[in-house]
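Taking it in order: structure first as structure tokens, then the write-up.
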Amino acid sequence: MNLRRDHVGGAAFILIGALVLSMSDDLPFGTLASPGAGMMPKLVIAAMIAFGLILLARARASPALAAIAWDDFPHAVRLIAITAACVAVYSWLGFIITMSLLLFGLTFLVERKPIVSAALFSVGVTGFAYGLFRVALKSPLPQGVLWF
Amino acid sequence: MEATLDSLALGFSVAFRPDVLLYAFLGCMVGTLVGILPGIGPLAGISILLPVTFGLDATKAIVMLAGIYYGSQYGGSTTSILMRIPGEAASVMTCIDGYAMAQKGRAGAALSIAAVGSFVAGTFGVVMLTLVAPPLAGLALRFGPPEYTALLVLGLVLLAYMSSTSLVPTLLMAAAGLLLGCIGIDVMSGHFRYSFDIKELGDGIGIVPVAVGLFGLGEILSTPSGTVTQKVVSPRLRELLPNSNEWRLSALPIARGSVLGFFVGIVPGSAHIIASFLSYAVEKRVSRTPEAFGHGAVAGVAGPESANNSASTGAFVPMLALGLPTGPVTAVLMAALLIHGIPPGPQLVSEHPDVFWGFIASMYVGNLMLLALNLPLVGLFVSVLRIPYAYLYPLIVMFCIIGVYEVSHAIVDVWIMLIMGAVGYLLRKFDFDPAPLVLGLVIAPTFELSLRQSLVMSGGDWLIFFQRPIAVTLLALCAGLLALAVVALLRKDWRGRLARAQAGGEEA
């Protein structure tokens with residue numbers, strides 16, 4: 001059998017539905033006259049699984065799975081990895097250090113820009129954003145261990 | 001009518017306040033930039049800038065955010081005409097003939113026609129909004145929980161019917177959004193649902209992290225800098241005026257696009273995208289020279305540009321009058337009003353007339369501002385397009401993080417945005433439209449509450465939805481649309497053509 005795009009899409013939603021349903025044991029469905037906290041989620045999960053099954057059944061009309069272009073995948077993974085690392089230390093290191101690192105990581109490590117221009121860009125833009133949000137708009141930004 | 005004019009006068013007294021004018025101007029300016037820059041649509045732009053409005057009062061906040069929305073419809077045409085890259089999705093159709101006109105040395109004329117068409121259509125849309133929204137809100141005051149349940153079901157069905165992708169994936173996405181909307185404390189019983197002992201999830205998942213992740217970050221993840229073309233045709237100021245023949249050829253398409261766009265805009269779904277597609281198809285059908293389409297036809301720019309602007313104004317009718325979002329952008333605008341303590345819906349006109357009429361009046365002013373901004377400053381906007389994308393997208397990622405964090409100062413929201421960015425990337429790969437997911441998330445609390453209230457009211461009798469005239473009419477409409485959708489599934493219709501045009505910008 002040729003695996004099609006909607007085979008994977010449909011199956012993924014059925015699995016998600018089944019997983020969420022298994023986590024819904026503690027939510028009472030209630031009765032029609034007195035609906036419980038579990039009624040809406042369980043109805044929606046049932047609908048999701050039903051639509052997933054329809055998608056799966058009609059998957060033969062969708063393009064082959066191999067036809068999906070993944071040439072942007074390395075870019076996406078690098079971007080997510082750098083951003084996730086920065087989010088993880090955002091509260092601890094504070095706005096200025098984290099955002100400088102984020103911008104430097106994306107311009108130097110992902111985009112391979114010259115180190116000096118990447119560094120100047122990162123520090124300059126972070127300084128501008130700090131001035132705009134913290135100083136001008138008085139928005140509370142995370143201060144971190146070094147108080148900025 | 002007299003009461004409407006009096007209320008509009010109140011609105012203008014609010015809209016002409018210097019501080020409100022300033023925020024309308026800022027919204028229009030930022031919206032134009034958002035529309036111009038490929039990769040940031042109006043939704044991402046509004047979501048990112050939503051936290052900036054927290055310190056403002058509700059009128060200024062909504063005036064600025066709406067300015068970003070309709071400003072982006074103006075700005076989207078610039079990249080379409082000069083670079084053949086749609087700045088935002090509704091400008092796809094403008095790429096075809098707009099870029100062809102630019103190749104013939106008529107870039108300035110195409111930009112002028114797009115700007116004037118957008119102005120006429122935007123103003124027509126606001127006039128219609130002024131006339132239609134208040135009586136509709138009056139009718140909606142008679143709605144109880146069963147009517148609201150039926151209305152929200154109709155909204156979801158309309159969304160699925162009008163979506164550019166097929167029916168099943170759209171409903172699947174809406175169901176996923178409704179399920180996400182169930183996270184948090186159940187308001188009727190106090191149960192914690194799917195919050196995994198994370199206290200921030202007790203309040204549910206916010207719209208902003210989901211919208212910014214799916215649309216802002218998701219777009220950036222699937223756009224490596226190597227794929228972004230930055231060859232820009234820059235028109236000179238003296239080349240901006242169309243000749244008399246071009247004006248003549250654009251007059252009727254602008255009029256048709258304005259009317260068509262407004263009525264399509266009222267319907268939930270990707271209205272402004274569908275409106276521009278339908279307008280292009282209509283213009284090609286009524287043209288005496290259909291063979292000119294795809295090779296620089298003036299009507300191919302004037303019609304779609306007018307239609308998408310009129311549709312973006314039409315989308316405000318159900319939002320303001322019924323409290324029903326017709327798409328993710330209006331959903332985020334509704335969230336902005338709620339954050340400021342103002343529930344959109346039928347009570348908005350009577351309880352907050354300054355916000356309602358001030359907002360409408362500011363749209364008249366905003367359309368004038370956009371006309372004044374877009375033509376003389378086209379050179380400035382074009383220069384923004386010369387910023388290398390390799391430097392631009394890190395900046396956008398930073399603003400996404402700041403914007404999401406500023407909503408509730410919770411790092412959990414930033415993680416949700418990042419996860420949603422990855423989800424948005426995968427959804428694009430598997431050809432799922434993320435917009436219904438955001439809509440499902442927005443309407444989930446109201447939908448659940450009105451459904452459960454209806455059942456409690458009737459002692460568990462489902463027939464309550466068929467015993468009330470408004471509810472049964474709305475449900476009959478749902479049944480009719482579902483039947484039409486099933487027929488459409490069996491044959492190729494406009495959705496397929498729209499999807500192909502969005503994918504490749506090819507001739508419809």
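Read-outs throughout are calculated quantities, based only on the coordinates presented, and are distinct from any laboratory measurement. Computed from a predicted structure; not experimentally measured. A quick note on method: Cβ atoms are made from the backbone with ideal geometry, for glycine too, and the neighbour counts reach across all protein chains shown.
Some points to look at:
- Between B:Leu482 and B:Arg386, the contour length at 0.36 nm per residue exceeds the alpha carbon distance by 29.9 nm.
- Whole-Hz ³J(HN,Hα) from phi, Karplus 6.51 cos²θ - 1.76 cosθ + 1.60, for region B:363-376, glycine and proline x: 6, 4, 5, x, 5, 5, 4, 5, 5, 5, 6, 5, 7, x
- Considered as an equivalent ellipsoid built on the Cα gyration tensor, region B:310-456 has semi-axes of 30, 26, 15 Å, the largest given first.
- When each of B:Tyr99, B:Tyr148, B:Tyr161 is scored by the number of other beta-carbon atoms lying within 10 Å, the sequence from fewest to most is B:Tyr161, B:Tyr99, B:Tyr148.
- Computed from the Cβ-Cβ distance with R0 of 25 Å, the FRET efficiency linking A:Ala88 to A:Val123 stands at 0.70.
- Taking 0.36 nm per residue of separation and subtracting the Cα-Cα distance, full extension of the segment from A:Ala136 to A:Asp71 would add 19.3 nm.
- Amide hydrogen neighbours beyond the local backbone of B:Arg193, cut-off 5 Å, H modeled: B:Gly184, B:Ile185, B:Asp186
- With a simple spin-label model that places each label point 7 Å from the Cα along the Cα-to-Cβ direction, the separation between B:Val412 and B:Val187 comes to 1.9 nm.
- Scaling the Cα radius of gyration of region B:117-186 by the globular reference 2.2 N^0.38 Å produces a ratio of 1.51.
- Proximity of backbone amide H atoms, modeled 1.01 Å from N, is registered between A:Gly30 and A:Gly36 at under 5 Å, excluding neighbours fewer than 5 places apart on the same chain.
- Spatial extent of the protein assembly as shown: Rg and Dmax, with the Cα atoms as the point set, Å: 24.1, 72
- Close amide H partners of A:Arg4, meaning residues 5 or more places away or on another chain with modelled amide H under 5 Å apart, are A:Leu65.
- Value of [θ]222 nm, deg cm²/dmol, for chain B, DSSP H segments ≥ 4, -39500 (n - 2.57) each, nearest 500: -23000 deg cm²/dmol
- Scattering from region B:383-455 was approximated by placing one identical point on each alpha carbon and applying the Debye formula without solvent; log10 I(q)/I(0) at 0.12, 0.26 1/Å stands at -0.54, -1.11.
- Among A:Ala85, A:Ala129, A:Ala33: highest mean-square fluctuation, GNM of chain A, C-alpha pairs under 10 Å: A:Ala33
- Pairwise label distance in nanometres, A:Ala18 with B:Ser13, each label 7 Å out on the Cα-Cβ vector: 6.5 nm
- Rounded FRET efficiency, nearest 0.05, which uses the C-beta distance separating A:Ala50 from A:Asn2 and R0 of 35 Å: 0.90
- Length-normalised contact order of region B:17-74 in % [C-alpha pairs under 8 Å, at least 6 apart]: 56 percent
- Sorting B:Val52, B:Val384, B:Val34 from the fewest to the most surrounding beta carbons within 10 angstrom yields B:Val384, B:Val52, B:Val34.
- Modelled spin-label separation between B:Glu2 and B:Gln467, with each label point placed 7 Å from Cα along the Cα-to-Cβ direction: 4.3 nm.
- At R0 = 41 Å, FRET efficiency that the Cβ-Cβ distance of A:Asp26 and B:Asp57 yields, to 0.05: 0.45
- Span from the region B:370-401 Cα centroid across to the region A:55-93 one, whole angstrom: 26 Å
- Scaled against the 2.2 N^0.38 Å expected of a compact globular protein of N residues, the Cα radius of gyration of chain B reads 0.93.
- Rounded to 10°, Cα long-axis angle of helix A:39-57 versus longest principal axis of chain A: 80 degrees
- In chain B, the sites counted are trypsin sites (Lys or Arg not before Pro) in DSSP loop states with at most 16 other Cβ atoms within 10 Å, and the longest stretch holding none of them, exclusive of the sites, is B:387-490.
- In terms of overall dimensions, the C-alpha atoms belonging to chain A reach 58, 46, 23 Å along their principal axes, ordered largest to smallest.
- MRE, 222 nm, helices only [DSSP H, n ≥ 4, -39500 (n - 2.57), over chain A, to nearest 500]: -19000 deg cm²/dmol
- Exposure proxy ranking, count of Cβ atoms within 10 Å, fewest first, for A:Val87, B:Val20: A:Val87, B:Val20
- Unit Cα scatterers, Debye sum, region B:334-401: log10 I(q)/I(0) for q = 0.19, 0.21, 0.23 Å⁻¹: -0.88, -0.89, -0.93
- Expressed as a fraction of 2.2 N^0.38 Å, the value expected for a compact globular protein of N residues, the C-alpha radius of gyration of region A:73-136 is 1.13.
- Farthest positive-ward along chain A dipole, Cα basis, beta-carbon charges - from A:Pro74, A:Phe121, A:Tyr90: A:Phe121
- With one equal scatterer per alpha carbon and no solvent term, the Debye-computed log10 I(q)/I(0) for region B:168-230 at 0.23, 0.24, 0.25, 0.27 1/Å reads -0.99, -1.03, -1.05, -1.11.
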